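Here's the structure we're looking at; comments come further down.
Read-outs throughout are calculated quantities, based only on the coordinates presented, and are distinct from any laboratory measurement. Bear in mind that the values here come from a model prediction, so they are computed numbers and not experimental data. Here the Cβ is made from the backbone with ideal geometry for all residues, glycine too, and neighbour counts use every protein chain on show.
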Amino acid sequence: EELKRDIPASIAVALVALPLCLGIATASDAPPMSGLISGIIGGLVVGALSRSHTSVSGPAAGLTAVVISAIATLESFELFLIAVVLCGFLQVLLGVIKAGFIANYFPSSVIRGLLAAIGLILIFKQIPHAFGIDRDPEGDFSFVQPDQENTFTELLHMVSGINPGAVIVSLSCLAIILLWDFTPLKKLLVPSSLIAVVAGVLINLLLGRVHPEWALGGNHLVELPEFSGVTSLGSLTSFPDFGSFWGEHTSHILFIAVELAIVASLETLLNIEAIDKLDPRKRHTPPDRELLAQGVGNITSGLIGGLPVTSVVVRSSMNVNSGGASKKSTIFHGAILVFSVAVIPHLLNMIPLAALAAILLVTGYKLASWPLIRDFVRRGPSQYLPFFATIFAILFSDLLYGITIGMAVGIYFVLRSNSRTPYTFSEEKLAAGNILRYKFSKQVTFLNRAQLLSTLENVPNGAQVILDATESDYIDEDILQLLKTFRTEEAPVRNIAFNLVGFRDHYSADDDFAYINVLTEQHQQKLTPVEVLQILIDGNKRFTDGQRTQRDLMRQVALTREKQHPIAAVLGGIDSRTTSELIFDLGLGDIFSVRVAGSVVNEDVLGSLEYATKIAGARLIVVKGHTNCGAIKAACDQVELGNMTGLLQKINVAIARETDTTTERTSSNPTFIDNVTHLNVQASVEQILRESPTIAELVDSGQVAIVGAVYDTHTGQVEFIGDLVDQLEKNS
């Protein structure tokens, strides 16, 4: 199944690769055969070693400026080939030491900008070829062209030199490509680009017969070098001059090798990231293996006279668009290049460049589609500015400088983003007082220093602060030194209490507790019953909002091991869903919890509540029932079972008070059960005040208050009942 797709795709890629290889060699001031050799090695050697399913390698337009400068510096193409070989060894080394991780840091906006820019360049550069203006060689992506024009002035000057034959060929080929998928012929699995090339050749031959002056020839056709025999082939190729390595050019050769290795590796990594995004099956190319494959390819290419090899977007996207399913299409395209050069150069030299221009125009449109551009505009400035910077930089310079500028803009936004808030902030209203918690992110680097320093300077004087590093994987030493300096020098002067959490295990800073975050006797006595009720209301809201306070519970264990000073005593049921410390978002030592089925009152309960208030100083009693209470339902159904019987009879007072329901007074009536639950809470409150003179006296003096509450097991919300609630609402 893959071969059905790979073979046609490889032919389509090879047809486009032939003029591109020749054109890039010409634009690089290198022998034309060196471009073809590079394309062949990219297909056969790199294709075989790479684990990319869609990438095609060969001579790259992005290296044109580097190659021109290198050849001019060394004054010899044979010396330049030594640099290509050394570049390959360096790339193999990069693959071995797993330097491919760099690919993970390329901003997606730059990658997409690269694709869009190449698409636009293809469109602008191929329009002249489509009209028969072939002065600029195929594969030249530079803004300034060898014919002394640039990408846009070439468009202006082409009006006077339009070739009617080229227009006919290009428009015919465009029509075939665009309409092919709408015809039954698409089932043949033959790429439309291959049909378009064949049609272009036939149309040009027909023009030669019916209108000879419109027929295309000379530099309007593909121009493969023709040769006969191995001897002729040797005259067209060059080989590295290793004998001249040691001499005046040694340092230049080494510098160029390093430059080529860096640029070619970065371009390859960037291109495979881009091509992986085009792959319909979204497969991933291992970057380290790709560097190794490219290195072996450049060693081989340099040894037999080829240009440097990299992964290239145009041929790769052509491969994807033609249906290439595996790396076999890349290898086959290399074999086709060998066959074409060695056996049928005279046939391929009949292909009009206008036909190839039609193929590349469609490829360019697919790379620079309007939906892609619109999508990045919608993403905001941090995405569309690097995207457009990459596009315009490549359009008005070349691939190498354009990518560099795009990366610089992209990195600026990455750094700008990383320099922002390295933490999440929350203000926690604890029973012991309000605390500012700054929870550090996974990575806190020196880039975050300015933002963190500004935050510390704005902490209110006298504040209590938690710096929480429990979820941080890395905190830069500069950040640790900043915290240490602030804690020891500025915080004491401003009366800021710091609590460092999570530092001891991973960083060269000890956890430090500068204040006690549990209730003290001073806190307890300072609070009024109304304030305690507000603390419980706020805690329940945090609970239902999913914003529960993070507590260092083991620290609280240590601080409460000798004494406790709770602010409230809660009488509740034994239901496993109604744990008071959780639903009120409280910590250790904050409340007394008295639990009995049905929240009923007996002498033991009264004794517990009297201890909590009179002896331990709690300021509020809460009698808490809950919906769907098993004890209430059992009492309503008049269940009698062992010791439960006496307990359930205590709920009969509430059942008798419920007079709204006249029928179906059983657990099957939710309204009846809810009414009894509320009345049972009120009955327990009244019983406490009636049967405990100690508590009644504390309530009368205002030292203690008592309220009822009902917890909803469906929503997690607590409904408070009593005069104190009305007072709180009036105060607020």
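Hey, can you grab everything whose amide H is under 5 Å from the amide H of N499? Only 5+ residues off in sequence or another chain; H modelled, so Pro and N-termini drop out.
Those qualifying (amide H under 5 Å, at least 5 residues apart or on another chain) are V465, I466, L467, A514.
Please compare each pair in K4/K125; K186/K277; K187/K282; K277/K442; K4/K328 to a cut-off of 22 Å on the Cα-Cα distance and tell me which ones are over it.
K4/K125; K186/K277; K187/K282; K277/K442
Restricting to Cα atoms and excluding each atom paired with itself, what does the Kirkwood estimate give for the stretch 65-125 in Å?
Mean inverse Cα-Cα distance, inverted, gives 14.6 Å.
Which loop trypsin sites (Lys or Arg not before Pro) in the stretch 368-404, with loop taken from DSSP, have no more than 16 other Cβ atoms within 10 angstrom of their Cβ?
Numbers: sites: R374, R378, R379; in loops: R379.
Passing both the DSSP loop test and the Cβ count: R379.
In Å³ and rounded to a whole number, note down the convex hull volume per residue for the Cα atoms of the chain.
Cα convex hull per residue, to the nearest whole number: 259 Å³.
Sorted by packing (mean other beta-carbon atoms within 10 Å per residue), highest first, where do 66-72, 463-469 land?
Per-residue mean Cβ counts within 10 Å order the peptides as 463-469, 66-72.
Order of 118-131, 395-408, 697-710, 236-249 by packing, highest average Cβ count within 10 Å first? Walk me through the numbers before you get to the answer.
Details: 118-131: 22.9, 395-408: 20.8, 697-710: 18.9, 236-249: 14.4.
Ranked from most to least packed, the peptides come out as 118-131, 395-408, 697-710, 236-249.
To the nearest 20 debye, what charge dipole does the stretch 423-501 have about its Cα centre, counting +1 at the Cβ of each Lys and Arg and -1 at the Cβ of each Asp and Glu?
200
If contacts are Cα pairs under 8 angstrom and at least 6 residues apart, what is the relative contact order of the chain in percent? Don't skip to the end; give the middle numbers.
On the way: 1313 pairs, mean separation 114.2, N = 732.
Taking the mean separation of contacting Cα pairs over the length of the chain, I get 16 percent.
Counting other C-beta atoms within 10 Å, which of C636, C173 has the fewest, and how do the rest follow?
Lowest to highest Cβ neighbour count: C636, C173.
Say R0 is 51 Å: what FRET efficiency, to the nearest 0.05, do E75 and Y412 get from their beta-carbon distance? Walk me through the numbers before you get to the answer.
Working: r = 39 Å, r/R0 = 0.77.
The formula returns an efficiency of 0.85 here.
In terms of modelled amide H atoms, which long-range or inter-chain residues lie less than 5 Å from the amide H of V594?
Close amide H contacts, sequence-distant or interchain: V570, L571, G572.
First measure r as the distance between the Cβ atoms of E259 and R209, then evaluate 1/(1 + (r/R0)^6) with R0 = 45 Å and state the FRET efficiency to the nearest 0.05.
FRET efficiency, E259 to R209: 0.30.
How would you classify the stretch 165-290 from its alpha-carbon gyration tensor, with a ≥ b ≥ c the square roots of the eigenvalues: rounded for a/c under 1.5, else prolate if a/b is greater than b/c, otherwise oblate?
It comes out oblate by the Cα gyration axes.
Quick one: plug the Kirkwood hydrodynamic radius of the stretch 423-501 (C-alpha pairs) into Stokes-Einstein at 4 °C, 1.567 mPa s, and report D in µm²/s.
So the translational diffusion coefficient is about 101 µm²/s.
In which sequence would M644, M318, M158 go, from the one with the fewest C-beta neighbours within 10 Å to the one with the most?
The fewest-first ordering by Cβ neighbours comes to M644, M158, M318.
Could you name the aspartates and glutamates whose alpha carbon sits less than 12 Å from that of K366, not counting residues in the same chain fewer than 8 places away?
none
Search the structure for amide H atoms under 5 Å from the amide H of V144, placed 1.01 Å from N in the peptide plane, and list their residues when 5 or more places away or on another chain.
HN-HN under 5 Å from V144: empty list.
Are there DSSP H segments in the chain that both extend 27 Å or more along their axis (alpha-carbon positions) and score a mean Kyte-Doolittle hydropathy of at least -0.5? List them, or say none.
2-27, 77-96, 108-130, 250-278, 399-418, 670-691
D for the stretch 593-732, whole µm²/s, Stokes-Einstein with Kirkwood Rh over alpha-carbon pairs at 20 °C and 1.002 mPa s: what number? Can you show the working numbers first?
Details: Rh = 15.8 Å.
In µm²/s, the coefficient rounds to 135.
With +1 on each Lys and Arg Cβ and -1 on each Asp and Glu Cβ, how big is the dipole of the chain about its Cα centre, in debye rounded to the nearest 20?
With Lys and Arg at +1 and Asp and Glu at -1, about 1280 debye.
In straight Cα distance, which lysines are under 26 Å from K633, not counting same-chain residues fewer than 8 positions off?
Straight-distance partners of K633: K624, K650.
For the stretch 521-731, with the dipole built from +1 on Lys and Arg beta-carbon atoms and -1 on Asp and Glu ones, taken about the Cα centre, which of L689, Q547, V532 lies farthest toward the positive end?
Most positive-ward Cα: Q547.
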